[in-house]
Structures are given as C-alpha cells and as structure tokens.
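**Student:** The structure that follows is given in the form of structure tokens.
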Amino acid sequence: MRHLLSILDLTVEEIDSMISTAQDILDHPERYREACRDKILATLFFEPSTRTRLSFESAMLGLGGRVLGFSDASSSSTRKGESVADTISVVSGYADIIAMRHPKEGAPLVASQHTRVPVINAGDGGHHHPTQTLTDLLTIRRETGRFEDLTIGLCGDLKFGRTVHSLIEAMSRYRGVRFVLISPRELALPPLMVEELAEQGIPCTQCQSLEEQMGALDILYMTRIQRERFSSEEEYQRLKDSYILTPDKLAGAKEGMMILHPLPRVNEIDPRVDDDPRAAYFRQAYYGRYIRMALILHLLGQAEGTAVTPDKGRPRYPQNQLPGAVCGNPHCITTIEQGLEQRFLRDGKTGEYRCLYCESKAE
Ligand code: NCD
C-alpha cells in the first residue's frame, strides 16, 4: 500500500505518468466516469480549505466514487480529545482512501501508521503539501511544456509556506533549475532546506527585492504570508504587506513568465494582474481537480496490487530513539498526540538526527 506524505514519495517517472493521466482525463473525462465506482474517499480536514478539499471531492465524484468526511475539526471527535491515530483507525474502516489536512507537522505520517487504506497528505502545518505541488507541476507542464532549465522565483512566506517547501523538493530533481528565494529575512526558507540545496549543488539566490529579480524569472510563485502560523500578531502585521504584485512591477518581467499562486491570495497580487496572460493561478486551481483524479487512480491501483513497486525517491534512514532528545518544533505532531514516542532519523550525510515526523533537528 502506498501513501503520499511528501512529494519525494513519488518518483519522477510516477509524476510523469500521473501528469499524462491527468492530461488524458482533461481531454476525455467521459472515459473515467466509472473508474472509481463503489470507492469512497474520506476528506478529513482539521484545518480550513477551499480548493484542496473541494477539488479532492470533485475529483472523486468525477471518477464515479463517493465522498464523506469533515471540513472542520470542531465537528469531529478531535474536539473531545481523540488522537489522530484513533480517528484514522476508525475512518480507514469506512473509506477506501483518505485525504487529510492537519495543523501539526507529521500528522499524516502518524495516520499512515494506523490506517488500512492509502493516506494522502493534503497539507500538514508549515511542512509539506504534495498535492498542491502535483497541481503546480501539471500547470508548469501545460503552460511551459518542460521542467528543465527554469529559473523559479518564490516570493513571500518561504518559512511557513508548505507549498513552497514541497515545490522546491519536486523541482530540485530536474536539470538546469535555479531558485530565486525572495522574502523578508524573518520569513526566509528554513536553513535546513537552504543547506540541502547547497549540498545538491542547485543554484539558489536569496534576496529581499522582487523588482530586482523580476527580469530573470521564468516562473514567479507568489505566496500568502501565513498568518495562522505566526506566534505574534504584531510580527504578522509588520510583515503582511511585504510584497504586492502590481501590473507596474511586471513591466520588467519576461513576456513568457508564468505567475503562479497556490491561492488563497490576501493582497499579495493586485486583482488587476488577473487580466495579464501570464497570470496562471486560476488555471492552476482548475488543474488541481484533474491531477487529484490521477493521484486517486494511482494510489487505488497500487492498493489493489495492479501497479509495480516503485523505487522510492526519499532515502529512509534507520529510525532511532535518542534517549533524552526531544523535537524542539512546537508545530510537531509529537507535541499533542497521546502515546506517540519521539523518533529520530540519522541523516546519512551530516550525521545529524532529525525528528521522524517533522524533520526538525533533535534538541
Ligand atoms: C495553500 C495551503 O493550504 O497551504 N492553499 C492551498 O492548498 N491551495 C496555500 C495557503 O494557504 O497559503
């Protein structure tokens, strides 16, 4: 059985195959109308969502399946103190596949340890969001025709933006990709990710000015400042208007540059930009339904043993219990889940230990 917890759980070949399936569904939706007949998708959203939850549900309905779930943790037994492990043990008896979103990092990994059916991470805290990345990849493929030789600017909240983290992991696997990381210093990409890019020899520039870098970009990926992950409202107020993309700022951009945004936007893209042919974010949201259809087919196909075992993209190091060590990340699932023991992975290259659930360094 396969789960999708991080984008690196999929090989480049699997992603290519899913993109081809999604393109075929876009061209011939009628061929897939019965593909998931009698299958049930559970959408468990412990955190707000519009696009991700509704596109998952629309995807399953488009495949002839059915859906159940909740869109608000307060309407589930979480409110009564139920653990993720217990919720998943129960729901996996009611559904064939689960898509879940949770504010704590590593919650989908806990779910995968207690489920009888495939689990999809639909966003965990500021950690990963692999299905948004699949959406981004389908958009990039349809709009530019390639993944190689691209200069990708990521702008806004690179610290807490989980879509940014997953997109960087995904695009790092393609030749000739360069990243331009544009953020206030306080919201820079986590140092561990910057180190990983350096180790892999992937060109990466960190800066604060969007205008200065605009002319170099093939893709501009704008993001929202993630208010709900700040520990101080004052800090959010100070940083919230750091970047606002306006038609004037696009004057120096390439004619073929693509503007992406996972949405929702707050005010980081002026609505006047929407009419610019380079603004691809609403097309991007539209494609989300089709790549999720392809993903559901892929994971259910594997659950039934119809697909070959892939070689996993992410190296798995031996799991260790480090007596006395704790995960220092306040957003980690280990801070709230009852009975969950701390586990750490030893990084083969640096020898450092990282939390199995959220990948923060052990303290
Ligand atoms: C993103 C998310 O939830 O991380 N939204 C989405 O899934 N399309 C981006 C965000 O909330 O800023």
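**Student:** Of all the residues that make up region 274-296, how many are touching a residue at least 40 places away in the same chain (Cβ under 8 Å) and either open to solvent by 10 Å² or more (accessible area, probe 1.4 Å) or more than 12 Å from the ligand (Cβ to nearest atom) (or both)?
**Tutor:** 11
**Student:** Any residue at all in region 71-90 that's closer than 28 Å to ARG142 by Cα and surrounded by 21 or more Cβ atoms within 10 Å (Cβ to Cβ)? Walk me through it before giving the result.
**Tutor:** First pass over region 71-90, keeping only residues closer than 28 Å to ARG142 by Cα: none.
Looking for residues that are closer than 28 Å to ARG142 by Cα and surrounded by 21 or more Cβ atoms within 10 Å (Cβ to Cβ), one finds none in region 71-90, hence no.
**Student:** Which members of region 195-224 meet the condition of being β-branched (Val, Ile, Thr) and free of Cβ contacts under 8 Å to residues at least 60 places away in the same chain?
**Tutor:** Within region 195-224, ILE202, THR205 qualify.
**Student:** Within region 309-322, restricting attention to residues that are part of a loop (DSSP other than H, G, I, E, B) and under 24 Å from SER83 (Cβ atoms), which residue is modelled with the highest pLDDT?
**Tutor:** The selected residue is LEU322.
**Student:** A further question on this structure: Could you give every pair whose Cβ atoms fall below 6 Å, whose first residue belongs to region 329-355 and is more than 12 Å from GLY106 (Cβ to Cβ), and whose second residue is assigned to a loop (DSSP other than H, G, I, E, B) and among the polar types (S, T, N, Q), counting only separations of at least 6 or pairs across chains?
**Tutor:** As it stands, the answer is GLN338/SER83, since those pairs meet every condition given.
**Student:** Any residue in region 101-115 that's of a type in the set (Val, Ile, Thr): show its pairings with residues that are crowded, with 24+ Cβ neighbours inside 10 Å at Cβ separation under 8 Å, as long as the two are six or more apart or on different chains.
**Tutor:** Hits for this filter: VAL110/VAL84; VAL110/ILE88; VAL110/ILE333; VAL110/TYR357; THR115/ILE88; THR115/ILE98.
**Student:** Follow-up. Could you list, in sequence order, all residues of region 27-65 that are more than 16 Å from the ligand (Cβ to nearest atom) and crowded, with 17+ Cβ neighbours inside 10 Å?
**Tutor:** Residues satisfying the conditions are TYR32, ALA35, CYS36, LYS39, ILE40, LEU41, ALA42, MET60, GLY62, LEU63, GLY65.
**Student:** For region 322-360, which residues satisfy the criterion of being surrounded by fewer than 18 Cβ atoms within 10 Å (Cβ to Cβ) and in contact with an Asp or Glu (Cβ under 6 Å, 6 or more places away or on another chain)?
**Tutor:** VAL326, GLY328 - these are the residues of region 322-360 that are surrounded by fewer than 18 Cβ atoms within 10 Å (Cβ to Cβ) and in contact with an Asp or Glu (Cβ under 6 Å, 6 or more places away or on another chain).
**Student:** Tell me yes or no: at least one residue of region 31-48 is in a helix (DSSP H, G or I) and either hydroxyl-bearing (Ser, Thr, Tyr) or modelled with pLDDT of 95 or more (or both).
**Tutor:** Taking every residue of region 31-48 in turn, at least one turns out to be in a helix (DSSP H, G or I) and either hydroxyl-bearing (Ser, Thr, Tyr) or modelled with pLDDT of 95 or more (or both).
**Student:** So, in region 92-114, how many residues would count as being away from the ligand (no atom under 16 Å from the Cβ), in contact with a helix residue (DSSP H, G or I) (Cβ under 9 Å, 6 or more places away or on another chain) and open to solvent by 20 Å² or more (accessible area, probe 1.4 Å)?
**Tutor:** Within region 92-114, residues that are away from the ligand (no atom under 16 Å from the Cβ), in contact with a helix residue (DSSP H, G or I) (Cβ under 9 Å, 6 or more places away or on another chain) and open to solvent by 20 Å² or more (accessible area, probe 1.4 Å) number 5.
Yes/no matrix, rows are residues, columns are (1) out of contact with any strand residue (DSSP E or B) (no Cβ under 6 Å at 6 or more places or on another chain); (2) open to solvent by less than 30 Å² (accessible area, probe 1.4 Å); (3) within 16 Å of the ligand (Cβ to nearest atom); (4) modelled with pLDDT under 95:
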| residue | (1), (2), (3), (4) |
| --- | --- |
| ILE140 | yes, yes, yes, no |
| ARG146 | yes, no, no, no |
| CYS155 | no, yes, yes, no |
| GLU186 | yes, no, no, no |
| LEU210 | no, yes, no, no |
| ARG238 | yes, no, no, no |
| THR246 | yes, yes, no, no |
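**Student:** Confirm whether LEU150 is within 16 Å of the ligand (Cβ to nearest atom) and either at pLDDT 95 or above or surrounded by fewer than 24 Cβ atoms within 10 Å (Cβ to Cβ) (or both).
**Tutor:** no
**Student:** Here is a list: GLU304, GLU255. Which entry is modelled with pLDDT of 95 or more and surrounded by fewer than 20 Cβ atoms within 10 Å (Cβ to Cβ)? So that I can check it myself, show each step before the final result.
**Tutor:** Values: GLU304 fails: modelled with pLDDT of 95 or more.
One residue alone meets the criteria, GLU255.
**Student:** Within region 252-273, identify whether any single residue is over 25 Å from ARG53 (Cα atoms), within 16 Å of the ligand (Cβ to nearest atom) and out of contact with any Gly (no Cβ under 7 Å at 6 or more places or on another chain), and answer yes or no.
**Tutor:** no
**Student:** Looking for something part of a helix (DSSP H, G or I) and at pLDDT 95 or above - is there at least one such residue anywhere in region 115-130?
**Tutor:** Yes, the conditions are met somewhere in region 115-130.
**Student:** Next question. I need a count of the residues in region 212-236 that are within 16 Å of the ligand (Cβ to nearest atom) and in contact with a strand residue (DSSP E or B) (Cβ under 6 Å, 6 or more places away or on another chain).
**Tutor:** Adding up the residues that qualify gives 3.
The values are calculated or read from the model by the stated rules, or taken from the named source; none is laboratory data. This structure is a prediction, so every number in the text was calculated from the model and none was measured. All Cβ positions, even for glycine, are placed from backbone atoms using ideal geometry, and neighbour counts span all protein chains on display. Quick note on the areas: whole protein, heavy atoms, side chains included, nothing else; ligands and nucleic acids left out. Shrake-Rupley method; radii C 1.70, N 1.55, O 1.52, S 1.80 Å.
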